[in-house]
Amino acid sequence: MTERFEHRVVVSGIGQSAVGRRLGRTGLDLTIDAALDAIADAGLTVADIDGLATYPGGGGGPAGFSGPGSPDVHDALRLRLNWHAGGIEGPAQISAVINACLAVGSGLARHVLVYRTVTESTAQGAGGRGGIGTGVPEIGGSQQWSIPFRAYSAACWLAMNAQRHFAEFGTTREQLAQIALTARRNAGSNPKAVYRDPMSLDDYLAARMITTPFGLYDCDVPVDGSTAVIVSTADYAPDAPRPVARVEAVGTALRGRPSWDQFDDLTTMGARDAAASMWERTDLRPADVDVAELYDGFSFLALCWLEALGFCGRGEGGPFIEGGSRIAVDGQVPLNTHGGQLSAGRLHGFGFLHEAMVQLRGDGGARQVPRPVEVAAVANGGGPIAGCMLLTRWR
Amino acid sequence: MTGPVFRVLPRLGTDNRFFWTSGRDGVLRFLRCRGCGYYVHPPTPICPECLSRDLTPQPVSGRATVYSFTVNHQPWSPDITEPYVIAIVGLVEQDDLRLTTNIINVEPGGVAVGMPVRVVFEDHDPVFIPLFEPAPVDGAEEGP
């Protein structure tokens, strides 16, 4: 296989702010915590950072969604940048990391700070978080095709993906529950997780319905927090103080229509295409993966990613996760070892990348996967929004 | 969903006005390619199948099947007090001609994937919102 840009870069550092409910701190404040943490973890100083990337950029979306834009972080740290980017269009949240990899791989920058920050819990506490499109007089753009029908949330849109999966393949709520129950069990070993109390199948089934087949525990929990990573040139790897991760392959494709309701197969979503393109860029196979950190903004999304990434066949996700043993920390595909967004908190994609690095470094403590972790799969997004990445241990 | 419900209405413009006002005469219309006959939705200036720029609104039967659905219980806005059905339906004219909509005139628990439905419009003059209700099984009273 020809040389790939991925192999010219590494993830050299990770950092994370406090994570919690209604922290009452600004997004920029949290971001600085995460950024300084990541820069130090990579063995660098602020002056070494010559690239900056974020998702989704500043100012957009519902209250608490966007975090600070790149100019705010740029200026706060007085960075001297050779490359910078922030934006929401692309292969999901992880697109910011992929952009950074492209920039470093093509020589535009040597060390890129990449971050994702949310203050959705504080915003919710201030009463600023209604459904999407509520409270506006009229609606245009792509949302005119959903909001007039009172489909005010991604929960409603993605519940229809799940319902179609249930209808085509006989998937059940009892099976889907294993995504949430596994996350909660793992969160019990993660001191930073928001929800750590044990949860039973009865608890899951008894929770109030949000939008069928999603109950409360199928939906992730809004939090405040910031996660940062440093993408560095591979030349730096020997000098890094902590183990770095090689970026084996990225998955960026979207071959179906970029639409929540017009996508050709709602049981697969954009995850199908992103995962396929990732495997096209590596000789590794699904059986080589030691830990899977897969987006679970809704429980069904993680099931969908398990299928898309080939850990089981299309439509076989329900039986695959039934009982939960295959996706347990000591199972065939250890899933969302930090508790996912369902229990650790909605860090919006970057929590999975952070946890993949924790596992590759063997830093997981009580939640560390018992077998040696050489390969980690990270996936972000749902519906027509999907991006993924395969990380491998460098040393 | 018995009485009238609050809806955020679409903003009308050059490209979408025909669609949202189509129900005034009780007929659902989609943009259709005059070259190859492909229905294009949402409206765009080009047929993605044959790249023709010659597209025009054309009536369809209004008959569809439920591709998927969800019964929403969550009060995303204060006006939501009762469960209601959001669905994606596929029009019978073309496999990939879909709409997100609401299924009405049926108990939420009575909706299923594959269920035949037909269009019915809710009057927000000049906008007519296309909703769907269960279709008679024999299709005897179908029109147009």
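Laboratory data are not the source of any read-out in this text; all were calculated from the coordinates shown. Quick caveat: nothing in here was measured; it's all calculated off a predicted structure. Neighbour counts are summed over all protein chains in view; Cβ atoms, including those assigned to glycine, are modelled from backbone coordinates with ideal geometry.
Miscellaneous remarks
- Burial ordering of A:3, A:307, fewest other beta-carbon atoms within 10 Å first: A:3, A:307
- Rounded to the nearest 500, the 222 nm mean residue ellipticity of chain A from helices alone is -8500 deg cm²/dmol, with -39,500 (n - 2.57) taken per DSSP H run of at least 4 residues.
- Positive-pole candidate from B:51, B:106, B:31, dipole of region B:17-134, charges at beta carbon: B:51
- Per residue of B:93-100, other chain Cβ atoms within 10 Å of the residue Cβ number 4 on average.
- What separates the Cα centres of region A:347-374 and region B:21-58 is a distance of 50 Å.
- Annotation for region A:245-348: trypsin sites (Lys or Arg not before Pro) lying in DSSP loop with at most 12 further Cβ atoms inside 10 Å of their Cβ are A:255.
- Against the rule of thumb 2.2 N^0.38 Å, how large the Cα Rg of the protein assembly as shown comes out: 0.99
- Amide proton proximity set for residue B:128, modelled H, under 5 Å, gap of 5+: B:21, B:22, B:23
- Among the trypsin sites (Lys or Arg not before Pro) found in region A:190-237, those both in a DSSP coil and sparsely packed, with 12 or fewer other Cβ atoms within 10 Å of their Cβ, are A:208.
- From the alpha carbon centroid of region A:30-62 to that of region A:275-340 is 29 Å.
- Residues A:94, B:86 in ascending order of nearby Cβ atoms (within 10 Å, fewest first): B:86, A:94.
- The fewest-to-most ranking of A:139, A:147 by surrounding Cβ atoms within 10 Å reads A:139, A:147.
- Distances between placed amide hydrogens fall under 5 Å for residue B:30 paired with B:58, B:60, all partners being 5 or more residues away or on another chain.
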